[in-house]
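Scroll down for the structure; my scribbles are underneath it.
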Amino acid sequence: MGFLSINLQILFSGLAVGAVYSLVALGFVLIIRATNVVNFAQGDFAMLGAFAMMTMLTALSLPYWLSFLLALAAMTVFGVLFNYGVYYPLRNRSFLPVIISTLGASIFMQNTVLAIFGPQAQPLEKVFKASGFEVGGVFLDSQYLVILAVAVLAVAFQYFLFERTLLGKKLQATSQDKDMARLLGIPVAWMIAITFIYSATLGGLAGILVGPVLFVSIGMGSVIALKAFSATIIGGFGDVAGAIVGGLLLGVVENFAGAYISVAYKDAFAFLLLFLFLLIRPQGIFGEKISEKA
Amino acid sequence: MPLLELRNVTSFYGNVQALKGVSLRVEEGEVVTLLGANGAGKSTTLRSISGLVPAATGEILFMGQPIHRLGPEAIVRLGISHVPEGRRVFPGLTVTENIMLGASNRGRASRAEILEGVAEMFAIFPDLARLSHALGWSLSGGQQQMLAVARGLMARPRLLMLDEPSLGLAPIIVQQLFGVIRSIRQRGMTILLVEQNAHMALSVADRGYVLETGRLTVEGSPDQLLDNEEVRAAYLGGARGATDPGTAPTAAKVGP
Amino acid sequence: MTQGAASIEPAGVRVAAALPVRFIGLSILALALPAIPFLFPVNSYVVNIFMQAATYGIAVLGMTIVLGYTGQINLAQAAFFGLGAYAVALGTVTLGLSFWVSLLLGIGVASLAGLVLGLTTLRLGGHYLAMITISFQQIFDLVMVNWTAVTRGPDGVPGIARPSLFGHHLADDKAYLVFCIAVLYAAIGLVWYLPRTRLGRAMQAIRENEMAAEVTGIKTLVVKVIAFILCAGLAGIGGALYAAGFAYVSPDNFSFKVSIDFLTMALLGGAQSPFGSTLGTALLILLPEWLRFLKEIYLAAYGIAVILIMVFMPEGIWGIGKTAWQKIRKPRTAKMGAVAPLDLDIPVEGQAPALHIEGIHKHFGGVSAVDGVDIAVTRGTVHALIGPNGSGKTTMLNVLNGIYKPTAGRVLVDGQDVTHDAPHVRAGHGMGRTFQNIRLFPNLSVLENVMVGAQRQHNPIGRSDAALRARAMSALAFVGMPDKAHMLAKNLPYGHQRLVEIARALAGHPKLLLLDEPAAGLNQTEKHELADLLKRLRGHGVTIFLIEHDMGLIEQVSDRISVLNFGRKIAEGAPAEVLRHPGVIAAYLGENVVAAA
């Protein structure tokens, strides 16, 4: 393969993996904006989505499209449970109990799945039987193409929801000034529940998409979560566009680093980048300076 | 029956008792102003009415119905619109979007009806019409205040509560703002106005109350309150009417 | 007095009064425990479990310091534990060093790592700190697994030998267990004693209210770094003992999951108490053994348990016990021995004004909160700053205090330029402050709150605990509250809390006292008492600069008033003139701008 096509290959798969990070990061950022909660269980939504999909597809032998819809439906239920079980009881407490609770939720989700499915990593079917096709020396894996396509659709849907519907405006208002939103009659508790449901579904979607690539395992969520955190910080903490750009950037950088520097430490680059950004530029690429108030 | 009535309301702000038994009333069509120095409890009074801070004891009646146990979402649906201190426009949303959200208490309103309402607001606030696509954070203080009032009016309230609208605004803007308040009043809106700027408030009000550390001390018409020693004392300390024979108060004194 | 006095609860247990009975009881228990394996037949499996509990317990005590005392989150404890373990493993097996040298190496490396993470708290706290520690943990994991040349990767390091102690080779499991328990006890003792020291109090102050701690004179960054170093060091010790105990280590033993385990053990037992965290460790190691038949459900329930603990018992089991105990016990009153009168005398140093605000500007984005203000405050006077809402008063105070850096201008205290000094440095120069919405350390006793004030750098008193205590009691006596010394600050009524805040500032022997709306929320009687207090302070030569809205109070106590409006000074002078000044009246009451309506 020529120099260009090798790098395009790396770029392509980097973008695809990055798109998965972006989807999880997006859900993560929406929760932060609406509730100021940093949800350390965000990655596990991806894990749940993948397992749900696998159950429908393999255990219940349902057709792909039906399994997909049912898996997403399951994610909305999980979102509701998360909202009322983890966020709601602690909504007025300081950040420490909340962080710890989301960690607890993560442990719970992972161990419940472990109890049901066992520790073995499982394969998940791709959307298309065809493995992909080649263009100019670059092999475009069909699943990667699906990931990118769905990610674009998801971002478009996100844009449409938030910028063009009244509901989206109410969601934005809730994140920008919760008490003022209440004063106008916006049902804030319900807006937050919707945010959790939406984020859980986004996470689940990411898991369903990446499952065929990474294998479905209990721990897949933890790794993706940390990458998503890195993406949000790099892009700009709390910034929606930042989460998307950060995710793509991270996927690409990680892939190139893995190819040229070290495969074994590929995962470490995300954390290293996170570390560096947190120390040098915590507001990320797009974020505003974080200042201390008296 | 007064539109709004408070009976002996007490209220706490954390550990501190902010209101110590406040009783007042607002009749339909009136503009009533609550005056007092900073920390007197004016904002707490409005927040108790709109449900952000529940009243500890006492009653709040709106059109004869008790509302002191309801939450803000329910109270705004009943027809009380609270434009809080500090303007609080949604910074990341446009002027139009901010105004549209003002109708959130009217669940049944269709998008068309809401847009009609927006057009009405633009007629009352022509400056805002010019800025319809500008984001909230980019507006000046005066424009934000106009936006906040427009947003409050979108709820089609029976009672509009304005909390320190002149705060931080230059005098000329304050003049414009109070011009708008006057025109809203002329359309028959009932307004409860909290203001530090006593003179401006009294220029537009039918009646006024003065709050001092959580208690009402004086009540009266603007004529009675303007240039009243009691009012000045409430803000800047100094002679109390009771011991100073030179200033016999003409306004009614409230409470002990 | 204001209403709403909550049930009066005594502060944390004091050493002196409770020492004999509890100490004896605990000692018996403590000595009995390690004797058990020798007195009763126990199989080696049980001994192993206890060995794990003991070594984990040491690491969890580290969490008590950093999380329980200092309030900082740390999700890399397993990495520190692992550094200690691998130091011993690689040190003894690969490098052939003795156990003791490797142990020291392990402690050193772990502490160094703790130092680095601690330094990150300079910029960040809260969620960011959580992420930094998680990423450190993950990097550690990856390096341990992949740097096979050094760490031997996933295969781990087998064959770690036991150490010899005083000539005895601790090959016998039971003997080694006793050794581990002894180290655990030593660690418990250290961690138990810590809150009674200057450093321990400083840590707790940071947990309770970091900004107030900084302003009161605590070097918050230094204390947080020390907390991390101690935490990591303890984890390193635990890890080292673990390695020698089990003779084999692999990266699996030190993963992120184990960090979560450490965290949960601390939380379940009670992060703020060494006994609590040890209890939590024991429970979480022993329980799964007893409940092994429930293993799968147990693991899942683990996660729910964490959530439930956070919702219903954030202070852990020990915390619940302590609260119940405090309700039963009679409240303790302070022994009112001789309390020395508070020394507030300030040596006069030259002619400079006590405080000189020189051309201060403070902009936030496009908004000019303070727009060029000059004020000179004469030594030993009370100088008030007033102005309508939004005029820039609190911003000014925050600039004086060091919480904001001014956009332009200088702040001089006694002629010394403090414009770029951190708040705790200014406290060290004798600047005391109270806050508009009272910032006490709610879960510390009144006395501890005030002692923190006495701990400021360059305070002209002795450094011993007794000196701090005496100074604090004098300050409390000055404000009239010596009998409340052992009450928890959060249980005091509002007016009393205000006085404690002032006492805390006075304990620091301030040259200059900055008061932000000290009368806010006080009733008439309390305001009179406050006015008297301020006059007494002035009598002692303390310079007072205050923001206030209550004009009655201001008229009573102020020598001079400066008035701000829209960030500028519009009037300055004696109270009588300023409060009658037409410009000032107009600023407050507003102008009638409508010419002829």
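The values are calculated or read from the model by the stated rules, or taken from the named source; none is laboratory data. Since the model is a prediction, treat every value here as computed from it, not as a measurement. A quick note on method: Cβ atoms are made from the backbone with ideal geometry, for glycine too, and the neighbour counts reach across all protein chains shown.
Which pairs turn up if I take residues in the range C:201-226 that are more than 14 Å from chain A (Cβ to nearest Cβ) and look for partners that are acidic (Asp, Glu) and assigned to a helix (DSSP H, G or I) with beta carbon separation below 7 Å, at least 6 apart in sequence or on another chain?
Pairs found: C:ARG201/C:GLU448.
Identify, from the list C:ARG196, C:ARG207, the residue that is under 30 Å from C:LEU468 (Cβ atoms), in contact with an Asp or Glu (Cβ under 8 Å, 6 or more places away or on another chain) and not acidic (Asp, Glu).
Result of the check over C:ARG196, C:ARG207: C:ARG196.
Let's see how each residue does on (1) outside any helix (DSSP H, G or I); (2) within 12 Å of another protein chain (Cβ to nearest Cβ); (3) hydrophobic (A, V, I, L, M, F, W, C); (4) free of Cβ contacts under 8 Å to residues at least 40 places away in the same chain:
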| position | (1), (2), (3), (4) |
| --- | --- |
| A:ILE233 | no, yes, yes, no |
| A:GLY247 | no, no, no, no |
| A:VAL252 | no, no, yes, no |
| A:ASN255 | no, no, no, no |
| A:ALA264 | yes, yes, yes, yes |
| A:ASP267 | no, yes, no, no |
| A:PHE271 | no, yes, yes, no |
| A:PHE277 | no, yes, yes, no |
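Every residue in the range C:85-128 that is under 32 Å from the mean Cα position of the chain (by Cα), among the small types (Gly, Ala, Ser) and assigned to a helix (DSSP H, G or I), please.
Matches in the range C:85-128: C:ALA85, C:ALA87, C:GLY106, C:GLY108, C:ALA110, C:SER111, C:ALA113, C:GLY114, C:GLY118, C:GLY126.
Which residue pairs have Cβ atoms under 8 Å apart, sit 6 or more places apart or on different chains, and have a first residue in the range B:37-57 that is closer than 17 Å to B:LEU216 by Cβ and facing another protein chain (nearest Cβ under 10 Å) and a second that is assigned to a loop (DSSP other than H, G, I, E, B) and of a type in the set (Gly, Ala, Ser)?
Partner pairs satisfying both residue conditions: B:GLY39/C:ALA520; B:ALA40/B:GLY214.
Of the residues B:LEU70, B:LEU160, which is touching a His at 6+ places or on another chain (Cβ under 9 Å) and under 26 Å from B:THR10 (Cβ atoms)?
Unique residue meeting the criteria: B:LEU160.
Among B:LEU24, B:LEU19, B:LEU6, which is the only one that is within 14 Å of chain C (Cβ to nearest Cβ), part of a strand (DSSP E or B), surrounded by 20 or more Cβ atoms within 10 Å (Cβ to Cβ) and touching a residue at least 24 places away in the same chain (Cβ under 8 Å)?
B:LEU19
Residue-by-condition table, conditions (1) surrounded by fewer than 20 Cβ atoms within 10 Å (Cβ to Cβ); (2) closer than 30 Å to A:LEU96 by Cβ; (3) aliphatic (A, V, I, L, M); (4) under 28 Å from the mean Cα position of the chain (by Cα):
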site	(1), (2), (3), (4)
C:ILE328	yes, yes, yes, yes
C:GLN351	yes, no, no, no
C:ALA354	no, no, yes, no
C:ILE357	no, no, yes, no
C:GLY372	yes, no, no, no
C:LEU385	no, no, yes, no
C:SER391	no, no, no, no
C:VAL399	no, no, yes, yes
C:LYS405	yes, yes, no, yes
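From the list C:ALA531, C:ALA571, C:ALA576, C:ALA520, exactly one residue is surrounded by fewer than 23 Cβ atoms within 10 Å (Cβ to Cβ), without any contact (Cβ under 8 Å) to a residue 40 or more places away in the chain, of a type in the set (A, V, I, L, M) and touching a strand residue (DSSP E or B) at 6+ places or on another chain (Cβ under 8 Å). Which is it?
Result: C:ALA571 is the single residue among C:ALA531, C:ALA571, C:ALA576, C:ALA520 that is surrounded by fewer than 23 Cβ atoms within 10 Å (Cβ to Cβ), without any contact (Cβ under 8 Å) to a residue 40 or more places away in the chain, of a type in the set (A, V, I, L, M) and touching a strand residue (DSSP E or B) at 6+ places or on another chain (Cβ under 8 Å).
For the range C:359-381, check the following and say yes or no: at least one residue is in a loop (DSSP other than H, G, I, E, B) and touching a Phe, Trp or Tyr at 6+ places or on another chain (Cβ under 6 Å).
No, there is no match, as no residue in the range C:359-381 is in a loop (DSSP other than H, G, I, E, B) and touching a Phe, Trp or Tyr at 6+ places or on another chain (Cβ under 6 Å).
Among the listed residues A:GLY242, A:GLY251, which satisfies the condition of being under 28 Å from A:GLN120 (Cα atoms) and buried (at least 17 other Cβ atoms within 10 Å of the Cβ)?
Exactly one of A:GLY242, A:GLY251 is under 28 Å from A:GLN120 (Cα atoms) and buried (at least 17 other Cβ atoms within 10 Å of the Cβ), namely A:GLY251.
Counting just the residues of the range C:144-155 that are out of contact with any Gly (no Cβ under 9 Å at 6 or more places or on another chain) and surrounded by 17 or more Cβ atoms within 10 Å (Cβ to Cβ), which one comes out farthest from the other protein chains (Cβ to nearest Cβ)?
C:ARG152
Considering only the range B:87-105, state which residues are more than 8 Å from chain A (Cβ to nearest Cβ) and either touching a Cys at 6+ places or on another chain (Cβ under 6 Å) or part of a loop (DSSP other than H, G, I, E, B) (or both).
Listed by number, the residues that qualify are B:ARG87, B:VAL89.
Anything in the range C:279-297 that is part of a helix (DSSP H, G or I) and at pLDDT below 70? List them, or say none.
Answer for the range C:279-297, where residues must be part of a helix (DSSP H, G or I) and at pLDDT below 70: C:TRP290, C:ARG292, C:PHE293, C:LEU294, C:LYS295, C:GLU296.
Let me confirm something: among C:ARG426, C:ARG433, C:ARG471, C:ARG439, which residue is surrounded by 19 or more Cβ atoms within 10 Å (Cβ to Cβ), among the charged types (D, E, K, R) and in contact with a Gly (Cβ under 6 Å, 6 or more places away or on another chain)?
None of the others qualify; the one that does is C:ARG426.
For the range A:109-125, name all the residues that are part of a helix (DSSP H, G or I) and surrounded by fewer than 14 Cβ atoms within 10 Å (Cβ to Cβ).
Correct list: A:ILE116 only.
Applying the selection to the range C:383-417, what residues are among the β-branched types (Val, Ile, Thr) and closer than 20 Å to C:HIS581 by Cα?
The one that is among the β-branched types (Val, Ile, Thr) and closer than 20 Å to C:HIS581 by Cα: C:ILE386.
Output the number of the condition that C:ILE461 fails; it satisfies all remaining conditions of (1) at pLDDT 90 or above; (2) closer than 24 Å to C:ASN401 by Cα; (3) more than 14 Å from chain B (Cβ to nearest Cβ).
Just one mismatch for C:ILE461, condition (1).
Of all residues in the range A:178-231, count the ones that are within 14 Å of chain B (Cβ to nearest Cβ) and of a type in the set (Phe, Trp, Tyr).
Final tally of qualifying residues: 1.
Every residue, every condition in (1) more than 14 Å from the chain's Cα centre (by Cα); (2) not polar (S, T, N, Q), yes or no:
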| position | (1), (2) |
| --- | --- |
| B:LEU135 | yes, yes |
| B:LEU153 | no, yes |
| B:ILE173 | yes, yes |
| B:SER183 | yes, no |
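Is the range A:88-108 home to any residue that is surrounded by fewer than 18 Cβ atoms within 10 Å (Cβ to Cβ), aliphatic (A, V, I, L, M), within 11 Å of chain C (Cβ to nearest Cβ) and in contact with an Asp or Glu (Cβ under 8 Å, 6 or more places away or on another chain)?
No.
As an exercise: evaluate C:ASN437 against (1) over 30 Å from C:ARG568 (Cβ atoms); (2) not in a helix (DSSP H, G or I) and give the number of the one condition it does not meet.
Going through (1) over 30 Å from C:ARG568 (Cβ atoms); (2) not in a helix (DSSP H, G or I) one by one, C:ASN437 breaks only (1).
For the range C:107-135, name all the residues that are surrounded by fewer than 17 Cβ atoms within 10 Å (Cβ to Cβ) and over 20 Å from A:THR232 (Cβ atoms).
C:GLY108, C:LEU112, C:LEU115, C:VAL116, C:LEU119, C:LEU122 - these are the residues of the range C:107-135 that are surrounded by fewer than 17 Cβ atoms within 10 Å (Cβ to Cβ) and over 20 Å from A:THR232 (Cβ atoms).
Considering only the range C:238-248, I want to know if a residue exists there that is in contact with a His (Cβ under 9 Å, 6 or more places away or on another chain), touching a residue at least 12 places away in the same chain (Cβ under 8 Å) and buried (at least 24 other Cβ atoms within 10 Å of the Cβ).
Checked against the condition, which is being in contact with a His (Cβ under 9 Å, 6 or more places away or on another chain), touching a residue at least 12 places away in the same chain (Cβ under 8 Å) and buried (at least 24 other Cβ atoms within 10 Å of the Cβ), the range C:238-248 yields no hits at all.
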